[in-house]
Ligand code: ATP
Ligand code: MG
């Protein structure tokens, strides 16, 4: 299609949804051939665009022969543009259909390598790995589009919530010169003649912003070189983070409670159709606060140990649909930069927390250590070398207030809100230990 024609198509095109909502007697629609069928002398196409589907109906003798012939030659998922009369029809889905005067094939689709069910909310017969190999085609499915419409609401609501509270949006670096948390789970990259890493967290950087501009939020990718094979881990993650000065674990847990409620409210209001298609009944969660010691008892766990995935599920089941905040964890289970309870270096407990929702951890956070000497002690007690953290420690020497923050996984939250079995369903282009493409 040449420039002027494409311009005209773009200008005149209306969405399927608007055909139903509007009063147009004549419409030009463009989209994908979702389905086609024949019934005696009538041929139908269901045309799909991002807004919905509309039926194109051709009766032999009432449309040109050329159009009638074309109608059953169109392969599924071919891209077409259709001009025609809009008429009311009791049989057509949505009560309206288009009688075509002109059909232009913009691109014919070859045989589909994965199963795209006819029923938009239907299950595909293709397994997830193969669907991910053809992710671009999987995105043609309305059910998959639905997940990312909801994810858009989640990310937008997250931004809106913190913008309204005057937080600074930050863009942390993704290539870093040294390990931020001292772990070994980093991807190495070549950076000119130096060794560098993909950031596994924006930890140090967001602390520097909180210690100067007080309140910051971000949505940023992070990478973890862990060889997971679970339904809730990927190797490239989008994290929604905040960091706040003059705050402790309880203040930032409250922010997390409020933002998750705000996100749920937005999804319920803006994505009613999408939640229905996924068969999800979402409620605005209440928040439950338990100390680590209370929580580990409730699931018969061993004090001093992390919750198993099974225990996380059990704890959430006790508070169905709500967020469970487990605060004041043992220091031994939290990173070195988490403040010991009440700034007491001899305490076995910390000012660190996890938040569980929908059966799994969605967030970790806590108060950070802003006192260089205490930080050095904690680094040593974790058998790490303070020399490797010199820049980090030094950043707290020139006026660093107490501060706290957390990280909330965008894909995990999407997985929970959409009730998906696998986190990869909530990731447009997931990266796992075997997958780098597409
Ligand atoms: P888990 O114990 O569940 O593996 P974690 O404690 O290692 O998670 P954190 O370092 O606390 O993860 O990261 C903060 C948040 O980022 C997590 O609560 C989770 O929502 C998300 N997240 C972390 N690692 C992953 C991952 N590999 N895949 C998906 N999301 C992740
Ligand atoms: Mg965690």
Explain nothing, just the number: relative contact order of the chain, from Cα pairs under 8 Å at least 6 residues apart, as a whole percent. 12 percent
Based only on the alpha carbon positions, what is the Kirkwood hydrodynamic radius of the stretch 183-245, in angstrom? 13.2 Å
Dividing the surface of the Cα convex hull of the stretch 243-318 by four yields a projected area in nm² of 6.9 nm²
Out of 139, 192, 161, any idea which swings most in a Gaussian network model of the chain, alpha carbons joined below 10 Å? 192
If you stretched the chain out fully between residue 66 and residue 164, how much longer would it get, using 0.36 nm times the residue separation minus the C-alpha to C-alpha distance? 29.6 nm
Could you order the peptides 347-356, 271-280 from most to least packed, using the average number of other C-beta atoms within 10 Å per residue? 347-356, 271-280
Quick check: the angle from helix 3-12's long axis to the longest principal axis of the chain, C-alpha only, nearest 10 degrees? 90 degrees
Given 20 °C, 1.002 mPa s and a Kirkwood radius over Cα pairs, the Stokes-Einstein diffusion coefficient of the stretch 3-107 in µm²/s is 158 µm²/s
Projected label distance in nm at residue 42 and residue 433, using a 7 Å step from Cα toward the beta-carbon: 5.6 nm
Separation of the stretch 233-308 and the stretch 318-336 by C-alpha centroid, Å? 10 Å
For the chain, the longest principal axis of the Cα atoms and the Cα long axis of helix 372-381 enclose an angle in degrees, to the nearest 10, of 80 degrees
Assuming R0 = 41 Å, what is the FRET efficiency of residue 102 and residue 152, from their Cβ-Cβ distance, to the nearest 0.05? 0.75
Using Cα springs under 10 Å in a Gaussian network model of the chain, which residue among 179, 109, 16 shows the largest mean-square fluctuation? 109
Give the dimensionless ratio obtained when the Cα radius of gyration of the stretch 307-438 is divided by 2.2 N^0.38 Å. 1.26
Simple spin-label estimate for residue 226/residue 192, 7 Å along Cα→Cβ, in nm, reads 3.4 nm
Alpha-carbon Rg/Rh ratio, for the stretch 106-168, with Rh computed the Kirkwood way: 1.19
Sort 11, 243 by Cβ crowding within 10 Å, fewest neighbours at the top. 11, 243
0 to 90° range, to nearest 10: angle between helix 309-318 axis and the chain longest Cα axis: 80 degrees
Starting from a Cα-only point model with no solvent, please compute log10 I(q)/I(0) by Debye for the stretch 114-228 at q = 0.19 1/Å. -1.01
Run the simple label-point estimate for residue 124 and residue 112 please: 7 Å along Cα→C-beta, distance reported in nm. 0.9 nm
Enumerate the residues in the stretch 340-365 having an amide nitrogen under 19 Å from the point lying 7 Å beyond the Cα of residue 308 toward its Cβ. 359-361
Output the Cα-based Rg and Dmax of the stretch 218-345 in Å, rounding Rg to one decimal and Dmax to a whole number. 16.9, 52
Debye-sum result for the chain in log10 I(q)/I(0), which assumes one identical scatterer on each alpha carbon, at q = 0.12, 0.14 Å⁻¹: -1.02, -1.25
Assertion target for 150, 176, ordered by fewest C-beta neighbours within 10 angstrom first, is 176, 150
GNM, the chain, Cα, under 10 Å: largest mean-square fluctuation among 96, 283, 41? 41
To make sure I understand, if each residue's beta carbon is the centre and we count other beta carbons within 10 Å, what order do 406, 223 fall in, fewest to most? 223, 406
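Every number here is computed from the coordinates shown, using simple stated rules; none is lab data. Keep in mind the model is a prediction, meaning the values are calculated, not measured. No Cβ is skipped: glycine too gets one built from the backbone with ideal geometry, and neighbour counts run over all protein chains shown.
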